[in-house]
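Trainee: Starting off with a structure, shown below.
The values are calculated or read from the model by the stated rules, or taken from the named source; none is laboratory data. Bear in mind the structure is a predicted one, so any value in this text is a computation, not a measurement. Cβ placement follows ideal geometry from the backbone for every residue including glycine, while neighbour counts extend to all protein chains displayed.
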């Protein structure tokens with residue numbers, strides 16, 4: 001059986017769409033987190049929680065034979081996206097040093 005590059009690319013495009021759908025669902029939950037933080041006068045950033053998420057992504061990547069450093073990078077990107085959403089929603093900026 002020969003590989004059909006066009007079909008493989010279509011499958012990748014479909015998966016990309018699913019990934020974005022999942023990120024969108026994650027952001028829906030981020031909105032709930034932001035509402036909770038706002039109601040309870042909490043800071044947007046929670047460095048302890050961020051580290052937990054990064055470590056979990058590293059572990060999941062390692063379990064699946066993927067480069068764990070890339071798992072950490074993906075977690076960082078998702079966290080930064082969540083912070084962007086919370087800043088936008090709550091109308092406040094944080095220092096990102």
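Trainee: Residues being under 15 Å from the mean Cα position of the chain (by Cα) and either outside any helix (DSSP H, G or I) or over 13 Å from residue 86 (Cβ atoms) (or both): count how many of those fall in the range 29-45.
Mentor: 1
Trainee: Among the candidates 54, 37, which residue alone is at pLDDT 95 or above, closer than 26 Å to residue 88 by Cα and surrounded by 14 or more Cβ atoms within 10 Å (Cβ to Cβ)?
Mentor: Numbers: 37 fails: at pLDDT 95 or above.
Among 54, 37, only 54 is at pLDDT 95 or above, closer than 26 Å to residue 88 by Cα and surrounded by 14 or more Cβ atoms within 10 Å (Cβ to Cβ).
Trainee: The conditions are (1) more than 15 Å from the chain's Cα centre (by Cα); (2) part of a helix (DSSP H, G or I); (3) modelled with pLDDT of 95 or more, and residue 81 fails exactly one of them. Which is it?
Mentor: Failing condition for residue 81: (1).
Trainee: Spot the failing condition for residue 48; the list is (1) surrounded by 12 or more Cβ atoms within 10 Å (Cβ to Cβ); (2) under 17 Å from the mean Cα position of the chain (by Cα); (3) modelled with pLDDT of 95 or more, and only one is missed.
Mentor: Here residue 48 meets the rest and fails (1).
Trainee: I'd like the full set of residues that are touching a residue at least 40 places away in the same chain (Cβ under 8 Å) and over 17 Å from residue 42 (Cα atoms), limited to the range 62-89. It would help to see each step written out before you state the result.
Mentor: Step one: filter the range 62-89 for residues touching a residue at least 40 places away in the same chain (Cβ under 8 Å), giving 78, 81-82, 85-87, 89.
The answer is 78, 81.
Trainee: Something else: Is it the case that the range 58-68 has a residue that's exposed (fewer than 10 other Cβ atoms within 10 Å of the Cβ) and assigned to a helix (DSSP H, G or I)? Talk me through it step by step, then tell me what you get.
Mentor: Keep residues of the range 58-68 that are exposed (fewer than 10 other Cβ atoms within 10 Å of the Cβ), which gives 64-65.
Right, trim to assigned to a helix (DSSP H, G or I) and you get none.
No, the range 58-68 has no match at all.
Trainee: So residue 25 clears everything in (1) surrounded by 13 or more Cβ atoms within 10 Å (Cβ to Cβ); (2) free of Cβ contacts under 8 Å to residues at least 24 places away in the same chain; (3) under 11 Å from the mean Cα position of the chain (by Cα) except one condition, right? Which one?
Mentor: The single condition residue 25 does not satisfy is (1).
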